[in-house]
1. Restricting attention to the range 11-28, which residues are more than 17 Å from Arg218 (Cα to Cα) and assigned to a strand (DSSP E or B)?
2. Give the range 341-352 a look and list any residue that's in a helix (DSSP H, G or I) and either in contact with a Lys or Arg (Cβ under 8 Å, 6 or more places away or on another chain) or small (Gly, Ala, Ser) (or both), or say none.
3. Can you spot a residue in the range 328-340 that is surrounded by 24 or more Cβ atoms within 10 Å (Cβ to Cβ), in a helix (DSSP H, G or I) and not aliphatic (A, V, I, L, M)?
4. Part of a strand (DSSP E or B) and either among the aliphatic types (A, V, I, L, M) or buried (at least 24 other Cβ atoms within 10 Å of the Cβ) (or both), is that true of Ile147?
5. List every residue pair whose Cβ atoms sit under 9 Å apart, with the two residues 6 or more apart in sequence or on different chains, where the first one lies in the range 323-349 and is free of Cβ contacts under 8 Å to residues at least 24 places away in the same chain and under 19 Å from Arg279 (Cα atoms) and the second, anywhere, is surrounded by fewer than 23 Cβ atoms within 10 Å (Cβ to Cβ) and among the polar types (S, T, N, Q).
6. Got a number for residues in the range 158-171 being touching a helix residue (DSSP H, G or I) at 6+ places or on another chain (Cβ under 8 Å) and either under 19 Å from Ala77 (Cα atoms) or surrounded by fewer than 21 Cβ atoms within 10 Å (Cβ to Cβ) (or both)?
7. Could you please find all residues in the range 34-72 being among the aliphatic types (A, V, I, L, M) and not in a loop (DSSP other than H, G, I, E, B)?
8. Go through (1) assigned to a helix (DSSP H, G or I); (2) within 20 Å of Val255 (Cα to Cα) for Val139 and report which single condition fails.
Amino acid sequence: MLVIPTAIPMKVELECEACGHHQPYLVPTPPCPHCGHDWVEARYDYESVRTLWPAILEQRPFTMWRYRELLPLRDDAYQITLGEGGTPLLRARNLSMMLGTPNLFIKDERQNPTNSFKDRQAALVISMLKEANLTEFIVASTGNVAISYSAYSSHAGIKLWTFLPSLVPPEKMREIAIYGSEVVKVTATYDATKKVAARFSHHKGIAKGRGIRDVGTRESMKTLAFEVAEQLAAHLGPPQPGIPWRAPDWYIQAVSGGMGPIGFWKGYCELYQMGLVDRIPKLAIIQASGCAPMVHSFQKGLSEAEPVTDPHTQVITIATGDPGPAYSYLYKVIKEHGGAFEEVTDEETFRALHVLAKMEGISMEAAAAAAFAGLFRLLSKGIIKRDETVVVNCSGHTFPVEKFLLGRDWLKVLPGTLATTPLPTPARPKSTAENLLGALDQIDARVQRIVIVEDNPDAARLLRRILQTRGDFQISEAHTGPEGLALIRALHPDMVLLDMMMPDMDGFAVLDHLKADEELKDIPIIVITAKELTLQERKRLQGQIQILLQKGTFMDEDLLEGINALLGKEEGETA
């Protein structure tokens, strides 16, 4: 059992979110005795915690339990832990360059024991149940919650009943079952499944998880905020003297019931109250277009959500048609403090899944990818500014990859004996994505040899990686103008990606040399520059290059349109 050194005794009481009435802390949590409202908040002795933190945290392991004083568990002896929390905050280096967002971070919640941020919730709630001497529990889930609760209830010796809608993948159902939980598949939507679980709970007299209404679920998610605050300060430094930790400008998460952002918000509110951060971040709430009750209700100006009765999305883990009180809470937060509700299509989600795997080496489940698809949308709309600090919750790891995500030509098959005939080059799949990866899917098959002339090694590496993920190109690099000219003259490539801002010989000079050479003047040139070109410089480029791309806009719609226009022109000339 994990032992946290020098913890102060936990002091907590419950405050009604509706009327403000205070009552003693109990598990299971009763509704407010004054008004009957069933959403109550845990409140702590923040002054005492501020005197203890952050100095004492240096002595503690980096797990969610290091923030022990602001979690509703009386006795550490009842902690049920598998090592949850303490997940890395990764700087998205390649994606940052593509998007022009230098301070983009990924909270990698795949690193939790069952590969999901729901492990935080399960660890705290199951510990609370253990302390309350409960031996059975019921949860309704779209998969990840049931997996997490199954692992932790097994560790705690608590019998778990899981109710799952039939669209939950069989792989997830089997994982739940292997922990010894009872698996009940309901041939209905998730919202209908929750009602079946509630009836079973009432009939059997077994306590049931109430989702966002449970104090433990929200309190557990605060630990995300606490960790991010510490980690951002380590990455970027404290914001000012006397303020040890740091807040991002935005926190982005794809949601079903919304407890992650709500817990994150409360965590930062507590940190701000204690003077440990200087502000509270804005929330970006992302939902699937086929089941987006929060987004659509917000667009209509409604303070209560209109349920979606017939979800249409393949991202089943965030397909909650009725978010209940979570939406009203988030509606108020975003109206008063800023933020955004945004929807993304399944196509955008699966495209983002590919991008993160190929550009950052991070494979994730579709629900996590939806958050990144939301990031792309909010950047393209200008809602999130490119110089703002952004944290995206990579909420869980992918399960076995579905065939439709890869297409038909993802596997190269070699014969069992040596063959004399060459292997056919697999066709590159078509894509309609609004980004450089999608555009490169559609590059003419004649383009085989590409030269990159770029003095920034990170930018050159990024361009090479993008090309590597989109075909069997022969890619060569040069890091100065003279070196680039020599390489182009030696190789006669099919296309050149040229940076304009280089020392000694810049891109303009390289272009002049190429256009003066009869053998090289017709090579297609794509110019990539971080500089805002003047009108005179743009005129100088006219007739010499095919496409001009601004660094930091690789995910924008104009990029795809530009490459399509280039290909259309080339094809027309050769027809």
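Only the coordinates and a few stated rules stand behind these numbers; no lab work does. Treat the numbers as computed from the prediction; the structure is a model and nothing was measured. We place every Cβ from the backbone using ideal geometry, glycine too, and count neighbours over all the protein chains shown.
1. Step one: filter the range 11-28 for residues more than 17 Å from Arg218 (Cα to Cα), giving 11, 19-24.
The answer is His22, Gln23, Pro24.
2. Matches in the range 341-352: Glu348, Ala352.
3. Filtering the range 328-340 down to residues surrounded by 24 or more Cβ atoms within 10 Å (Cβ to Cβ) leaves none.
No, the range 328-340 contains no residue that is surrounded by 24 or more Cβ atoms within 10 Å (Cβ to Cβ), in a helix (DSSP H, G or I) and not aliphatic (A, V, I, L, M).
4. Working: part of a strand (DSSP E or B): no; either among the aliphatic types (A, V, I, L, M) or buried (at least 24 other Cβ atoms within 10 Å of the Cβ) (or both): yes.
Here the answer is no, as Ile147 does not meet what is asked.
5. These pairs meet every condition: Lys335/Ser303.
6. 4
7. Residues satisfying the conditions are Val40, Ala42, Val49, Leu52, Ala55, Ile56, Leu57, Met64, Leu70.
8. (1)
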